[in-house]
1. Go through (1) among the hydrophobic types (A, V, I, L, M, F, W, C); (2) under 15 Å from Leu292 (Cβ atoms); (3) open to solvent by 10 Å² or more (accessible area, probe 1.4 Å) one by one and return the number of the condition Leu405 breaks.
2. Of the residues in the stretch 106-147, how many are in a helix (DSSP H, G or I) and farther than 28 Å from Leu546 by Cα?
3. Filtering the stretch 549-560 down to residues that are at pLDDT 80 or above and either under 22 Å from Gly190 (Cα atoms) or among the aliphatic types (A, V, I, L, M) (or both), which residue is least open to solvent (accessible area, probe 1.4 Å)?
4. Under the condition of being modelled with pLDDT of 95 or more and polar (S, T, N, Q), which residue from the stretch 24-59 is nearest to Ala98 (Cα to Cα)?
5. Does Glu418 count as charged (D, E, K, R), assigned to a loop (DSSP other than H, G, I, E, B) and farther than 29 Å from Cys337 by Cβ?
6. If I filter the stretch 167-221 down to residues being polar (S, T, N, Q) and surrounded by fewer than 19 Cβ atoms within 10 Å (Cβ to Cβ), which single residue comes out as farthest from the chain's Cα centre (by Cα)?
7. So if I check each of Leu57, Leu63, Leu83, which one is in contact with a helix residue (DSSP H, G or I) (Cβ under 6 Å, 6 or more places away or on another chain) and either over 22 Å from Gly155 (Cα atoms) or aliphatic (A, V, I, L, M) (or both)?
8. Could you list, in sequence order, all residues of the stretch 242-271 that are assigned to a loop (DSSP other than H, G, I, E, B) and among the small types (Gly, Ala, Ser)?
Amino acid sequence: MLQCCLSFGYVLRMGQHTTPFTDFHFQRHPESYRHLKLSIEGAVARLNLDIQEGEGLREGYSLKLNSYDLGVDIELADAVQRLRFEHPEVTCVVISSAIDGCFSSGANIFMLGQSSHAWKVNFCKYTNETRLYIEDATANSGQTYIAALNGVASGGGYELPLACEKIYLIDDRRSAVSLPEVPYLGVLPGTGGITRVTDKRKVRRDLADVFMTLAEGIKGKRAKQWGLVDDVFRRSAFDDEVNARAAEIADGGRPDRVGVALKPIAPEVDERSIRYDYVTLEFSDEGRVGSLTMHVPADLPQIPSNGRELGCDWWGLKAWREFDDALLRLRFHYPQCGVVTLHTRGSAQDILAFDHTLLSRQDDWFVREVTLHIRRVLKRLDVTSKTFFALVDDGSSFAGSLMELALAADRIYALDEEGIEVQLGPVNRGVFPMGNGISRLASRFLGSPESVTELLSRDKPVASAEAEEVGLVTFAYDELDWDDEIRMAVEERASLSPDALTGMESNIRFAGPETLETKIFGRLSAWQNWIFQRDNAVGAQGALTLYGRPETARFNFDRT
């Protein structure tokens, strides 16, 4: 079963593809799915993996044994998002396989072998985010995910079930769960496998050690005994048992809720810009610097008694879907763009009014889902490997929820002129927590929590100079110095090593508590970037390089 694929996130060697792939997008719809089959049966939704071997996102590999590439995961991410907005009546989602005897063999190794290091890391990051969105849907949207493993689940094919609330394995004497990356490939699971085994499922340390070095994995009752799955069922009873548990979890669903259809996001793209209705992404002549702007319209509607009447074109949803799409395009399509300035345009008072209605209507399922979506987009910003400088200038609306964009930036620059202000609001108290479980404001003032209390007590805008004094912005410059200071800051940042900046930013951004989420992304940015470029993995005699060949890997056995 491990002929061609394992977990998301492996590096074979520096691949042939060194230029960005811009001929694909991140918008999908169930009618266009190639690899997933989505069906709704009352309160239960079913997602069956039916990955087509010859339908990879790129040429040069075959997606055998339900193996993944980015195209598959884009469909999965769309399904998770779409179920939350279009099918709020659903309370249980069952993920299984259309291939008897094989749930999934993980990420396609031959695809990874022809990919650049940056592509592999971005692929892992996107996949991690999708797994976290599944857990978020279970925790916050009442859509509990269960995995029905009707066959072998190895590497990334087991990491997907690990994101589900329950895992059920067929007991047919050959189906197993495994994370065979260490013994087979000399690397680590790429999408949170280790962390979820130990921190989420709380598998005993010694058993986890055996499991992760046992290439063939663990089957049947032992998998349940060790805590790797929640239950096992013999083949003749498997479907009935899974259906019974899904019905029990669904508990009748929420038939009173009617969903909102999500229209595709279709920006205008040219060589220098990507333009959406509310978001604009522009690039410098050489493409090394980007400018990302969120626009706030002057006529934000009030929320009606039934929030879903606002539809998917409501600014609160559409603008943040556009911002999310822009972030993904930045990652995959524009690897040379290393520094991005963040801008907002509109009325700060309009944003604060929007935030007020947002918070006052959390009892409305649609309004709450929009709030949760904004939170997810901000988290994607937090882990995007670009330098972000927020620029507070004339026309800016860095207030409330849009102040979160500034607080997510690596630095905040403010023009010191009359009328240039920033303002906090109730949403900055923790409505949009980071992956570390606390607010961006609390993370910013980790050493002086009293500053958070004092700043949140203010109900008025803070002028630029004072904002610098109290720590809400990094620097405030007057009009004479503004252009030169910003130019020098951007040019200096763009001249530094992108590898060093990625590591530095990942460490700085997540001060404070460590959580399952920060562990996953911390390991992705640090351990993988190290292990996956070592000769033991990707050298001429490395385990990943020789995978699928008759030769045996040759390791340098020095511990470092």
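The values are calculated or read from the model by the stated rules, or taken from the named source; none is laboratory data. Nothing here was measured: the structure is a model prediction, and the numbers come from that model. All Cβ positions, glycine included, derive from the backbone under ideal geometry; neighbour counts span all protein chains shown. Just so you know, the surface numbers come from the protein's heavy atoms only, side chains and all, with ligands and any DNA or RNA stripped out. Shrake-Rupley method; radii C 1.70, N 1.55, O 1.52, S 1.80 Å.
1. Just one mismatch for Leu405, condition (3).
2. Adding up the residues that qualify gives 12.
3. Filtering the stretch 549-560 for residues that are at pLDDT 80 or above and either under 22 Å from Gly190 (Cα atoms) or among the aliphatic types (A, V, I, L, M) (or both), the one least open to solvent (accessible area, probe 1.4 Å) comes out as Ala553.
4. Only one residue tops the list, namely Asn48.
5. yes
6. Once the filter is applied, the top-ranked residue is Thr213.
7. The unique qualifying residue is Leu57.
8. Selection gives Gly252, Gly253, Gly259, Ala261, Ala266.
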